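Comments concern the structure below.
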Amino acid sequence: MRSKRSNSPLSQQQASPTRPASIGQVLFQVRTALFEYGAVSDEEEGRAEAEILLQHLLSVGTTELFASMRSPFPAEQRDALLAALVRRIRHEPLRYITGSCPFYGREFNVDARVLIPRPETEQLIDLALAWAVESNPESLRIADIGTGSGAIAATLATELPMPEVHAVDISRDALDVATGNCERLAGAGCVVFHEGDLTAPLKGRFDILVANLPYVQLKTLEDAEPELAHEPRGALDGGASGMDVIDRLVPQLPALMNPQHSLVLLEIDPPLAAPTITLVEKHLPGASITILSDFAGLARVAEIRINS
Ligand SMILES: C[S@@+](CC[C@H](N)C(=O)[O-])C[C@H]1O[C@@H](n2cnc3c(N)ncnc32)[C@H](O)[C@@H]1O
C-alpha cells in the first residue's frame, strides 16, 4: 500500500452529512483510493477500474453512468462499494470482484476457478476466423485445449457457421464455468466438453486447434504482480522453462490434425518463440510456423499451418 491516509478508503464521502455524495464524487474518490492504496499503478488505470466497479454496482452501462454523475450515490450500495474496494486494495483482480470480463465483444462470467481472459488472446480468434474464411470448408471441427472460462470455445462457436467445437480442460472447476458461459452465449450443446489431459479425450481429426495453455516461467510467476496469485496456478504455471505443457502438446498434433489442411494456434510467452519453432519443426516437419506479435509488440502467437 502506498499510504494509509484514513481508516476507510471512502471516508471523504462523509464530508457533508446533509448532502449525500454524487455518483461523480464517489467515482473520483474510488479512483483516488485505488491509486493511493496501491491497487493500481497510475491514476488513468484507477479511473478505468473505478468506472467498471461503479457500473457493476449500479448495474448500468458507460453512457448511463456518465449521464447520472450528478445523481446521489445510492446509500444502500455504500457497504457493497466499500467491500469491493477492500478486496481490490488487497489485490484481488477487478474482474473477480465484478464476476465478469469482456472477451471479443461478449461478457464472460469469471471467478477464481478460471483465468481471466486477456485481450491479447483475442488475436487467436481473429486468426482462426481469417483462416476459416480463406479455407471455406463445409463444416469445421475445432478443439480448444485448456478452455478455462470457455472464452475461445464460445467465441468460435458463435462467430463461425455451424462448427463442431470441442473444449478440453484438466480442471473440473474450470469446465463448470466454461459450460455456463458457452451455454449462455452459444447455446446448449454448441460446445462438447471433455475433462482430461491435453488431446487425450479427443477422437478423430481436427481442422483448427487453439490452445492457450499455461506458459509462464516459474521465475516470472514468483516475481509477478500480486493479482496473479489469485488466478489458478494450474492455468499459469509452465514450469521452469515455461514449455512444460506445450512440450507435451506439440508431439500429439500429428495424430490429431487434418493432414491435408489444418491450423494450430498456440498462445506463447515471448521467450518461448524459439523453443516452440524447434519443437514444431521436429514434430510437424511439413508445416509452416509463423510467430506473431501482440499489440505491445511481444511475440505472442505461434501460427502453424499444416498442408499436404
Ligand atoms: C492460460 S488458461 C487459458 C484459459 C482460456 N483458454 C483463456 O484463453 O482465457 C489455461 C487453462 O489450461 C488448463 N490446463 C492446464 N493444463 C492442462 C492440461 N494438461 N490439459 C488440459 N487443460 C489444461 C487450465 O486448467 C486452464 O484452464
State the Cα centre-to-centre distance between region 52-95 and region 241-262 in whole Å. 44
All-pairs alpha carbon distance profile, region 72-229, 10 Å steps from 0, percent: 10, 35, 32, 15, 6, 1
Over all directions, what mean area does the Cα convex hull of region 47-107 project, stated in square nanometres? 4.5
Taking the alpha-carbon set of region 115-307, what are its Rg and Dmax in Å? 15.6, 47
When only C-alpha pairs under 8 Å and at least 6 residues apart count, what is the relative contact order of region 73-203, in percent? 19
Would you pull out the residues with amide H under 5 Å of VAL192's amide H, same chain only if 5 or more places away, H placed 1.01 Å from N? VAL165, HIS166, ALA167
What net charge is computed for the residues neighbouring GLU64, neighbours being all others with C-beta under 15 Å from the C-beta of GLU64, Lys and Arg scored +1, Asp and Glu -1? 0
If amide H atoms are built 1.01 Å from N in the plane of the peptide, which residues on other chains or at least 5 residues away come under 5 Å of the amide H of PHE206? MET257, ASN258
Using the Kirkwood formula on alpha carbons, the hydrodynamic radius of region 260-308 in angstrom works out to 10.9
In order through region 173-185: 3J(HN,Hα) via Karplus (6.51 cos²θ - 1.76 cosθ + 1.60), integer Hz, x for Gly, Pro: 4, 4, 4, 5, 5, 4, 4, x, 5, 5, 5, 5, 8
Of 267-280, 58-71, 220-233, 292-305, ordering from highest average Cβ density within 10 Å down gives 267-280, 292-305, 220-233, 58-71
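At 0.692 mPa s and 37 °C, plugging the Kirkwood radius over alpha-carbon pairs of region 11-90 into Stokes-Einstein gives what diffusion coefficient in µm²/s? Please list the in-between numbers first.
Working: Rh = 12.6 Å.
Calculated translational D: 260 µm²/s.
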Antiparallel content of DSSP bridges confined to the chain, in %, to 5: 45
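Quick one: compute the contact order of region 11-90, relative version, from alpha carbon pairs under 8 angstrom and 6+ residues apart, as a percent. Each step should come with its number before you reach the end.
Numbers: 70 pairs, mean separation 29.2, N = 80.
Reported as a whole number, the value is 36 percent.
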Residue-wise, which Karplus ³J(HN,Hα) couplings in Hz belong to region 116-127, taking 6.51 cos²θ - 1.76 cosθ + 1.60, θ = phi - 60°, and x for glycine or proline? 6, x, 9, x, 5, 5, 4, 5, 4, 5, 4, 5
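Laboratory data are not the source of any read-out in this text; all were calculated from the coordinates shown. Bear in mind the structure is a predicted one, so any value in this text is a computation, not a measurement. As a convention, Cβ positions derive from the backbone with ideal geometry for all residues, glycine included, and neighbour counts pool all protein chains shown.
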